[in-house]
Amino acid sequence: MSKKKALGRGLSALLSDTPETVHFDESPEVTGASGGMNEILLSEIGTNPFQPRQHFDQDALKELSESIKVHGIIQPITVRKLAKSQYQLISGERRFQAAKLAGLKSVPAYVRSANDQQMLEMALIENIQRENLNPIEVSLSYQRLISECNLKQEELGERVGKNRSTVTNYLRLLKLPPDIQIALRDNKLSMGHARAIINVENPEVQLYIFKKTLSEDLSVRKVEELARQLVSDKHKPETTAKDSTSASREINQLQGRLSSHFGTKVSVKSDGQKGDIKIPFLSLQDLNRILDILKL
């Protein structure tokens, strides 16, 4: 139970810059690990296989490297000892890479004891709390903590200092269509926009709102209004004084099916005998998408 007690104190206890040593349960492959700070050769340190962040800003890395050349490494990295002269990075990936760029041969490092699951948990939590992750990276980190570290959402919230609703909102992002997730990952769409879009259940309508948001540079408030309008239209009573007949209800149902099929709000008007169908498009690319659906 020592693991939960230590992690409950947060990363300030796990990855402290003070001489305090935090002991974890030893696993068979981690023997002889100490809790002090050492100067360790870079060539003896392997990268963290559980590192959740895959992309690092190269310009920022170069800036950090130049700073290290002048001031050295102010905050030591944290490693675990695998064997004699063999270590594995727990946290401090950017400092580790920047030190290599700066031409350093060794770096100051805290040596901690940790098994594979603790490595994963510490790496994920350290990144969530200390790195400027995009929303999808945060969501994937939360999901990995739940699935691979067997944490419940409430426990996860305690570990990362977030309430349950915040954790839930991030996890919901992973249910969005891939195109929207990619836009979030590439910072082309904000978390606020995504939270508004996800309130619409239909994936095709989600994509419609997403494309309209990008093409018209809609604010979060505008996207929220558009989402509410589309949800309201979906649940609006189908019978009015004018379209109370069975034929009118069928027209409304057809309109809904066409909107879902084409991923855009299709308008169908009829006087019972004749009428027209209007399929709007946002751009030439969107038009080609619709033509592909029509196989024209």
Applying the selection to the range 140-168, what residues are among the polar types (S, T, N, Q) and open to solvent by 30 Å² or more (accessible area, probe 1.4 Å)?
Gln143, Ser147, Asn150, Gln153, Asn163, Ser165, Thr166, Thr168
Any chance you could count how many residues in the range 261-291 are surrounded by fewer than 11 Cβ atoms within 10 Å (Cβ to Cβ) and in a loop (DSSP other than H, G, I, E, B)?
4
Between a residue in the range 249-267 that is touching a residue at least 24 places away in the same chain (Cβ under 8 Å) and within 19 Å of Phe210 (Cα to Cα) and any residue that is open to solvent by 60 Å² or more (accessible area, probe 1.4 Å) and in a helix (DSSP H, G or I), which pairs come within a Cβ distance under 8 Å, given they are 6 or more apart or on different chains?
Ser259/Glu204; Ser260/Glu204; His261/Glu204; Phe262/Glu204; Gly263/Glu204
Quick check on this structure: which one of Ala123, Ala98, Ala109, Ala114 is farther than 30 Å from Ile198 by Cα, modelled with pLDDT under 85 and not hydroxyl-bearing (Ser, Thr, Tyr)?
Ala114
Quick one: how many residues across the range 95-110 are part of a loop (DSSP other than H, G, I, E, B) and open to solvent by 30 Å² or more (accessible area, probe 1.4 Å)?
3
Filtering helices (runs of 4 or more DSSP H) wholly in the range 112-208 for at least 1 residues that are under 30 Å from Gln255 (Cα atoms) and not small (Gly, Ala, Ser) gives 164-172, 178-185, 191-197
Is it fair to say Ser267 is among the hydroxyl-bearing types (Ser, Thr, Tyr) and at pLDDT 75 or above?
yes
Selected residue (only one of Leu189, Leu156, Leu176 is more than 21 Å from Glu216 (Cβ to Cβ), without any contact (Cβ under 8 Å) to a residue 40 or more places away in the chain and touching a helix residue (DSSP H, G or I) at 6+ places or on another chain (Cβ under 7 Å)):
Leu156
Checklist (1) modelled with pLDDT of 90 or more; (2) of a type in the set (S, T, N, Q); (3) within 23 Å of Leu140 (Cβ to Cβ) applied to Ser215, failing item
(3)
In the range 210-229, anything open to solvent by 50 Å² or more (accessible area, probe 1.4 Å) and not in a helix (DSSP H, G or I) is listed as Asp217, Ser219
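The values are calculated or read from the model by the stated rules, or taken from the named source; none is laboratory data. Remember, predicted model here, so these are calculated numbers, not experimental data. Virtual Cβ from ideal backbone geometry, glycine too; neighbours counted across all protein chains shown. These area figures cover heavy atoms from the full protein model, side chains too; ligands, DNA and RNA do not enter into them. Shrake-Rupley method; radii C 1.70, N 1.55, O 1.52, S 1.80 Å.
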